[in-house]
1. Using a cut-off of 27 Å between alpha-carbon atoms, which lysines can reach K367, once sequence neighbours fewer than 8 places away in the same chain are excluded?
2. Which whole-angstrom value gives the distance between the alpha carbon centres of segment 319-398 and segment 109-173?
3. Can you show me the helix-derived [θ] at 222 nm for the chain, built from DSSP H runs with n ≥ 4 at -39,500 (n - 2.57) apiece and divided by the number of residues, rounded to the nearest 500.
4. Over all directions, the average projected area of the alpha-carbon convex hull for segment 35-246 comes to how many nm²?
5. So if R0 is 51 Å, what FRET efficiency would A136 and I213 give, r being the distance between their Cβ atoms, rounded to the nearest 0.05?
6. T363 versus Q19, label points 7 Å from Cα toward the beta carbon: distance in nm?
7. At 0.36 nm per residue, minus the direct Cα-Cα distance, what do D176 and K204 gain on full extension? Give it in nm, one decimal, please.
8. Under unit Cβ charges (Lys, Arg +1; Asp, Glu -1), what dipole magnitude, rounded to 20 debye, does the chain have relative to its Cα centre?
Amino acid sequence: MNTRFTAEDLRSLPKKKVQAALGQLTKDQLEDLQHDWKFWGRDAQFEPAGDWNVWLINAGRGFGKTRAGVEWVRSQVKAGHKRIAAVASTNSDIERVMVKGESGFLNICYKGDKDNNGKLIGLPEWSPTKRTLTWANGAKVEFYSAEEPERLRGPQFSAAWCDELAAWNKDMATWDMLQFCLRLGKHPRVCVTTTPKPTKLIRKILKDPKTHITTGSTFDNSANLAGTYLKAVKDQYEGTRLGRQELYAEVLEEAEGALWTTDMLESAEIKHKDLPPLNRIVVAIDPAVTANAESDMTGIIVAGVDINGVAYVLGDYTDKLSPQGWAAKAIKLYHEHQADRIVAEVNQGGDMVKHTLHGEDETVPVKMVRASRGKFARAEPISALYERGLVKHVSDPVDGANLNELEQQMRVWEPLGSIGSPDRLDACVWALTDLCLNGYTKPQLTLAYSSAKGLSK
């Protein structure tokens, strides 16, 4: 039975008793209480007991994951850990979320913080150039981005916090590099806070017997969230796949009736070093024709095919861009990958799409394709290629353009509609249709694909 006195207990008391209790505290005691995580936190936000290596907090939006991660690191500092890593999805998330966010270190730690021996350690000093927080006891938190896994070569730590793991771009590479750094102390541990997606890395961590899993929903933290927000997301997303994932933290595999299964996609994986010579390469785009906050993403996929007709999805470069932005990006990829042509859907933009591309580089061959059939009719023969083992996914693109989000769309897209505009999937289908279903597999010149930056004869 839990006997810990908490803020929830206090809220359950009559108002007069609460006022009476608080009225007996000094100003310093009230400030201490305000920053006492043992008082305010919920049981699911506290470090679990037991012999674990990874504590995975797999919870919905607004659960309090970031606060739990910051408080866990704060407890490690108080316990005497001197070298701690903190890894964010992007460089901008380091300062915006982890350091200066509402639940970030500079808003959660306070001047009265003491270590476990009662010695004052106070507020940490933030160095944006070094990307470090330093406490008076010499403890340091060093911040890294999942965009730059190579920065994790060299340092060593006794603990690490990984935030929003499901959104990491170079997830496997960053995670692997971090593991080599966890070599200080008697038992280095990692706290992972994320809203789940069925990425390969998430599934790997979930299956590890040394992982302690904490789950929770958005509504577990209802006392600290706006009632209008809770009602709005419940009304809009309750019972949907997106709601099950983002609100209730279900790790969803494929949708019922999906053309691509997790097993199918896992069996399609290939390492970059194992790529054969490629006969043709295309850049396929599913362009957005507007550039505002409500605009769709522009699907951008690079894929190639070998002499035997086996296709390889080389990278996903999908982004929210203006017409000029996606045109410039597609042209850049065309040259970097030494592609044969750009394949562009023109259902929305018509001739504008070709004109926009040629406005960037008029020498680039552009094949315009128009969807005369429904998405299912176009996607089904591509799915059949996967079933026959004729499509492979590069699991470690050299430039970090991983296929996690594309594979997520593949698993959840249903013929009767599910996730809105499957931009990445559409672009992938166009690329593979051009490479595999249009009779262009016989080589004129065979090239060896050496990197995302080009080919070698």
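1. K320, K329, K332, K354, K375, K392, K442, K453, K457
2. Value for the Cα centre distance between the two parts: 40 Å.
3. Working: 16 runs with 148 residues, N = 457.
-9000 deg cm²/dmol, from helical runs alone.
4. Values: hull surface 47.4 nm².
Its average projected convex-hull area is 11.9 nm².
5. Working: r = 35 Å, r/R0 = 0.68.
Efficiency for this residue pair is about 0.90.
6. For the pair T363/Q19, the computed spacing is 8.0 nm.
7. Values: separation 28, 0.36 × 28 = 10.08 nm, distance 1.21 nm.
Once the chain is fully extended between D176 and K204, it gains 8.9 nm.
8. Values: 59 positive and 60 negative charges, 264 e Å.
Roughly 1260 debye, rounded to the nearest 20.
A short reminder: the numbers here are calculations on the coordinates, not readings from a lab. Note that this is a predicted model, so its numbers are computed, not measured. FYI the Cβ positions are ideal-geometry reconstructions off the backbone, even for glycines, and counts take in every protein chain you see.
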